[in-house]
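The values are calculated or read from the model by the stated rules, or taken from the named source; none is laboratory data. Because the structure is predicted, anything quoted here is derived from the model rather than measured. Cβ atoms come from the backbone with ideal geometry, glycine included; neighbour counts cover every protein chain shown. Only protein heavy atoms, including side chains, enter the accessible area calculation; ligands, DNA and RNA are left aside. Shrake-Rupley method; radii C 1.70, N 1.55, O 1.52, S 1.80 Å.
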Amino acid sequence: MSEQHIPRGDALAWVGGSDAPEKSVLNIGFMALSDSASVIVAATQGFAEKYGLSLKLQRQASWAGLRDKLLNGELDAAHSLYGLIYGVQLGLGGAAATDMAVLMGLNQNGQSINLSHTLQTAGVTSGEALHQHVHQNGARLTFAQTFPTGTHAMWLYYWLASQGIHPLRDVDSVVVPPPQMIEHLVAKRIDGFCVGEPWTAKAVDEQLGCTLTTIQAIWPDHPEKVLGCTRSFALQNPNTARALIMAVLDAARFIDQSEENKRSTAQLLSGSDYVDAPLSAITPRFLGQYQNGLGQAWQDAHPLRFHGGGAVNMPYLSDAMWFMTQFRRWGLLRSDPDYLGIARQVQQLSLYRQAAEALDVPVPAQMRSSILQDGSCWDGSDPAAYARSFRLHALADSPAVAL
């Protein structure tokens, strides 16, 4: 990847005068995951400088550590789990409630659920087989996700429940940072996990088990990581926040422009300062090329994507509300929050719109509608009813339906 690929325009007009960034050098956190790509490209390939910024990347060892550094000011902004931002907003997951901000979406798709080689050799290679194993065997299985309120916990819980497995009662769940999933699988501390790439692909490549489902198979074009910060940072530094959105949005558009750009980005990610994983584990799924360790290979219809003509990057109110419905469903919230009101506070729609319009990026509607794998429709119209609509749940004010 080189400067010659970078589109240049009149974006530097934003750098001067009253639009100048209040803070020009930013500490940006990220985790070693393929979906950190647009943040890394923005910081290292000249995109940030176009908007008067210097981004100092800081790889984090865990989502909890990233959260703590966002809250204490060591990080200005970060590649973050959607559910982490909303967990902090609501005072869940081990941190005091703090007003947070989602500046933009970073990616859609690109996460998976894997099972161990032990389960695979025992013939547990489908949701039905897993259901039978869980309910007929005495040994209790342990699944790993990456953060208590994070996307991977919610994806894992959602999918297990759709298979008739109560994620809080029928199996155990533990938190493991993404790069440590392989180590825990090898040590047989866990029987499966939900995480982002390249760690699920690496597990398959090393014959440590199989990919049972992708999350895009559960929810096509599902929301995943966001560019997050505290609301105080966004309020005190609006020009900086807008410039940061523009830099990352520009980088996201560049990545999605061509296969050549995606391949060069994958090469960059593989470096020891970033994801630090074999290119062979990063590139195929980065390009949507999957093989699951069960003899099946396919070109995914909903691959990891970073821009999608702006459809990826809009901080949709409905995406934010979905995570809150799952917090309610699984008992993390004991009563219904003001779903729409909280989403409107956290999602920085005005800043995003200004940045997108400056780059001629289309701005979609604030709500979107999706059909999930189990047939349920999510459009954000009645979140309280949606949270109560599931057969398996852990709602604090009523018992879960027994199998």
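Secondary structure note: in the stretch 111-219, about 60% of the DSSP beta bridges are antiparallel. With all protein chains kept in place, the per residue accessible area of the stretch 111-219 amounts to 33 square angstrom at a probe of 1.4 angstrom.
Net charge dipole, the chain: roughly 540 debye, given to the nearest 20, about the Cα centre with Cβ charges of +1 for Lys and Arg and -1 for Asp and Glu. Apply the a/c threshold of 1.5 to the C-alpha gyration tensor of the stretch 111-219 and tell me whether it is rounded, prolate or oblate. Rounded is the answer for the stretch 111-219, as its axis ratio a/c remains below 1.5. The residues of the stretch 247-306 present an accessible area of 42 Å² per residue when probed at 1.4 Å with all protein chains retained. Descending by average beta-carbon neighbour count within 10 Å, the peptides 138-150, 237-249 line up as 237-249, 138-150, the highest first.
Charge dipole (Cα centre; +1 on Lys/Arg Cβ, -1 on Asp/Glu Cβ; no other charges) of the stretch 111-219 amounts to roughly 180 debye. To the nearest ten degrees, helix 238-256 and the longest principal axis of the Cα atoms of the chain are 70 degrees apart.
Computed over protein heavy atoms with a 1.4 Å probe, the carbon and sulfur contribution to the accessible area of the chain reaches 48%. Annotation: extensible slack from residue 235 through residue 175 equals 18.4 nm (criterion: 0.36 nm per residue apart, minus Cα-Cα distance). Fully extending the segment from residue 258 to residue 118 would add 46.5 nm, taking 0.36 nm per residue of separation and subtracting the current Cα-Cα distance. For the chain, adding -39500 (n - 2.57) for each run of n ≥ 4 DSSP H residues and dividing by the number of residues yields -10500 deg cm²/dmol at 222 nm. When both bridge partners sit in the chain, DSSP labels roughly 65% of those beta bridges antiparallel. Averaging Cα coordinates gives a centre for the stretch 182-255 and one for the stretch 81-105; these two points are 16 Å apart. Relative protection proxy for 207-216, 273-282, 34-43, from highest mean packing down: 34-43, 207-216, 273-282 (other beta-carbon atoms within 10 angstrom). Extension gain, residue 189 to residue 54, is 44.5 nm, computed as 0.36 nm per intervening residue step minus the present C-alpha separation.
Distances between placed amide hydrogens fall under 5 Å for residue 213 paired with 113, all partners being 5 or more residues away or on another chain.
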